[in-house]
1. If packing is taken as the mean number of other Cβ atoms within 10 Å per residue, what is the order of 55-64, 119-128, highest first?
2. In nanometres, what is the gap between the two model label sites at residue 265 and residue 220, each 7 Å from Cα along Cα-to-Cβ?
3. Using a ≥ b ≥ c from the Cα gyration tensor of segment 98-158 (square roots of the eigenvalues), is it rounded, prolate or oblate, where a/c under 1.5 gives rounded and otherwise the larger of a/b and b/c decides, a/b for prolate?
4. Suppose we keep just the DSSP beta bridges with both residues in the chain; what percent of those would be antiparallel, to 5?
5. Take every Cα-Cα pair in segment 1-136 and report what % of them are more than 26 Å apart.
6. Does segment 1-73 classify as rounded, prolate or oblate by the C-alpha gyration tensor (a ≥ b ≥ c root eigenvalues; a/c under 1.5 gives rounded; else a/b over b/c gives prolate, otherwise oblate)?
7. Assuming a ≥ b ≥ c are the square roots of the Cα gyration tensor eigenvalues, decide whether segment 157-289 counts as rounded (a/c under 1.5), prolate (otherwise, with a/b larger than b/c) or oblate.
8. On full extension of the chain, what length is gained from residue 69 through residue 120, given 0.36 nm per residue of separation minus the C-alpha to C-alpha distance?
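Please treat every number below as a calculation from the coordinates, not as lab data. These numbers come from a predicted model, not from an experiment. Glycine also receives a Cβ, built like all others from the backbone with ideal geometry; neighbour counts cover every protein chain displayed.
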């Protein structure tokens, strides 16, 4: 069995992405790792080269900044990396620049890839997804956040990144996937308030046209209190994240009195989800088999 990891990144230094940790977290189960490094305003290329693994293959790309509708450019860059993996790979293991897998989950992921390698009905593997929020001590526990995502797909040229690169489809159709009880640790909402706001302003440009392209909070800090619900994380973070976590130099404590108020219906649905895990009305971009 051959496994190719892949991802894309741009301005990782400027926006403090844990891309090095992301790559290192899945590198042990990959035979190669392809990363599309976009034209950056910083030394992102040097950062990736500093990892120093012979498994890593870098392709340098130029982003088409006119592809703003729905974050389409993110899918385009994802596909550039996907198309550059070795043609003889069985699986393609995707990870985003702010995602990390726990080392304890790697054996079961590899086991699942081996188990389903020859079953062509299985087009991908589905994982749990936890969104940390504010600091590494909290995670978002309301129903509005993604709870499962596909991160391992077959090396099939008819499969491509979908919409803003959050998942994949085959010729526009949902993938048939097997669930693996492993966790994607998403750290995209854990940065200093100032760094988070700069990132949000930058991402705003990927979804909107010129008429709404000007950042409106350029000199302000992101207000982490503007969410509906978070919970204290009681588990362990991946080892590759521990040094970064120790360097955290800001604080955030969730004040429920300042939380975003939900409608009566939303509140009831949220309570049902938090008590039972049942997500009524959840959109699933996959078909679980």
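1. Top to bottom by mean Cβ count within 10 Å: 119-128, 55-64.
2. In this crude label model, residue 265 to residue 220 measures out at 2.9 nm.
3. prolate
4. Details: 22 of 48 bridges.
The antiparallel proportion sits near 45 percent.
5. Details: 2258 of 9180 pairs.
More than 26 Å apart: 25 percent of the Cα pairs in segment 1-136.
6. Prolate is the answer for segment 1-73, as a/c is 1.5 or above and a/b outweighs b/c.
7. rounded
8. Values: separation 51, 0.36 × 51 = 18.36 nm, distance 3.34 nm.
The residue 69-residue 120 span can extend by a further 15.0 nm.
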